[in-house]
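One structure, pasted below without further comment.
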Amino acid sequence: MQKAIQREELRAHLDRLLDTAQFRDYCPNGLQVEGKAEVRRIVCGVTASQALIDAAIERQADAILVHHGWFWKSEDGRVTGFRKQRMASLLAHDINLFAYHLPLDAHPELGNNAQLATRAGWRIDGRFGEQNIGFFGVPPAPTFCGELAAHLERVLGRTPLLVGDAQKPVTRIAWCSGGAQDYFEEALATGADVFVSGEISEQTVHLARETGMAFIAAGHHATERYGVQALGANLAGEFGIEVEFVDIDNPV
């Protein structure tokens, strides 16, 4: 018989595991939309888009677990248009929505940044930035910026943008997944030769050129696929429930 977990037990486990109480975030972390009281099947994804909701409905999931959920501080809070459609789809099928933003970036083992390091083969030496979201460390062997960018392309399956000299030696890397281009100056203070993030802004290009620290924009979605997968695997192993990651393609 397929195993199940109570929604409230699942919420408590996730909140405790990711230590959500310590973070100041731009959205509520945890259970964002309440669905069934019992959870047997979870669909994981990066973002709670309509496409992911449809995939969860097709798989008869009881819960969706994502990194990018809803109810961001900067957005319109009215449930109209596409927001109504998303909400209606969840409520009609009684599906729970769990979302963990900064807590899932920061977790030392299951987080996006820790998982990115694991896949890229980087050793983690420390943390930096607001709420210690950013990581820094070293590659397995000295390399060059161009080689590092090519390695990330192979690991992530997406061509990154390198701003800087491809022949610049790299002995220390700073990184922060997603849209962390505003952490550039704090990354510079770590003594890193290159900063890896998901996105880059117009002004960050000039900072990279003027400071000499290279910038690799490896993709917001591409750098944040792995935390939620690791978290889902943790739940499957801990509770024996069915967990599936669904990758909704996003070129950004």
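All of the numbers you see were taken from the coordinates with simple rules; none came from a lab. Values in this document were obtained by computation on a predicted structure and should not be read as measured data. Cβ placement follows ideal geometry from the backbone for every residue including glycine, while neighbour counts extend to all protein chains displayed.
Taking 7 Å along the Cα-to-C-beta vector as the label spot, tell me the Y26-F71 distance in nanometres, rounded to one decimal.
Those two pseudo-labels are separated by 1.7 nm.
Now for a separate question. Dipole magnitude of region 23-172 about its Cα centre, charges +1 at Lys/Arg Cβ and -1 at Asp/Glu Cβ only, in debye to the nearest 20?
Working: 17 positive and 16 negative charges, 16 e Å.
Using Cβ point charges on Lys, Arg, Asp and Glu, region 23-172 gives about 80 debye.
How high is the relative contact order of region 1-65? Use alpha-carbon pairs under 8 Å, at least six apart in sequence, and give a whole percent.
Values: 57 pairs, mean separation 22.9, N = 65.
The value is 35 percent.
What is the extension gain from D165 to E130, computed as 0.36 nm multiplied by their sequence separation minus the C-alpha to C-alpha distance, in nm to one decimal? Walk me through the numbers on the way to the answer.
Numbers: separation 35, 0.36 × 35 = 12.60 nm, distance 2.80 nm.
Result for the pair: 9.8 nm of gain on full extension.
While we're on this one: Report the extension gain between E238 and A141 in nm, rounded to one decimal, defined as 0.36 nm multiplied by the number of residues separating them, less their alpha carbon distance.
Details: separation 97, 0.36 × 97 = 34.92 nm, distance 3.53 nm.
Difference between extended and current length: 31.4 nm.
What does the C-alpha gyration tensor say about the overall shape of region 1-82? Classify as rounded when a/c is under 1.5, otherwise prolate if a/b is larger than b/c, or oblate. Before the final figure, lay out each step's value.
Details: a/c = 2.17, a/b = 1.18, b/c = 1.84.
Oblate, since a/c reaches 1.5 and b/c is not below a/b.
Relative contact order, percent, of the chain when contacts are C-alpha pairs under 8 Å separated by at least 6 residues? Before the final figure, lay out each step's value.
Details: 531 pairs, mean separation 51.9, N = 252.
Computed value for the chain: 21 percent relative contact order.
For the pair E58/T118, report the inter-label distance in nm, with labels modelled 7 Å from Cα in the Cβ direction.
Reported label-point gap for E58 and T118 is 2.7 nm.
Taking the Cα centre of region 106-223 as the origin and placing charges on Cβ (Lys, Arg +1; Asp, Glu -1), which of T118, N132, S197 is farthest toward the positive end of the dipole?
About the Cα centre, the residue reaching furthest to the positive side is T118.
If you average the C-alpha positions of region 61-93 and of region 1-46 separately, how far apart do those two centres end up, in angstrom?
A separation of 15 Å, based on Cα centres.
So if R0 is 30 Å, what FRET efficiency would V155 and E185 give, r being the distance between their Cβ atoms, rounded to the nearest 0.05? Could you put the intermediate results ahead of the total?
Numbers: r = 26 Å, r/R0 = 0.88.
Here the calculated transfer efficiency is 0.70.
While we're on this one: Once amide H atoms are built 1.01 Å from N in the peptide plane, which residues 5 or more positions from F245, or in another chain, come under 5 Å H to H?
C44
Per DSSP helix of 4 or more residues, -39500 (n - 2.57); summed, then divided by the residues of the chain. What does that give at 222 nm, rounded to the nearest 500?
Numbers: 10 runs with 91 residues, N = 252.
That comes out to -10000 deg cm²/dmol.
Something else about it: Using modelled backbone amide H atoms (1.01 Å from N, in-plane), which distant-in-sequence or interchain residues come within less than 5 Å of T143's amide H?
The list, which skips near neighbours in sequence, is V170.
To continue, here is another question. Only four residue types carry charge here, +1 at the Cβ of Lys and Arg and -1 at the Cβ of Asp and Glu. Report the dipole size of the chain about the Cα centre in Debye, rounded to the nearest 20.
Details: 23 positive and 33 negative charges, 61 e Å.
For this selection, approximately 300 debye.
I'd like the antiparallel share, as a percent to the nearest 5, of DSSP beta bridges with both residues in the chain. Write down the numbers at each step before the final one.
On the way: 18 of 39 bridges.
In the chain, DSSP labels about 45 percent of beta bridges as antiparallel.
Give me the angle, in degrees from 0 to 90, between the Cα long axis of helix 226-239 and the longest principal axis of the Cα atoms of the chain, rounded to the nearest 10.
So the inclination is approximately 40 degrees.
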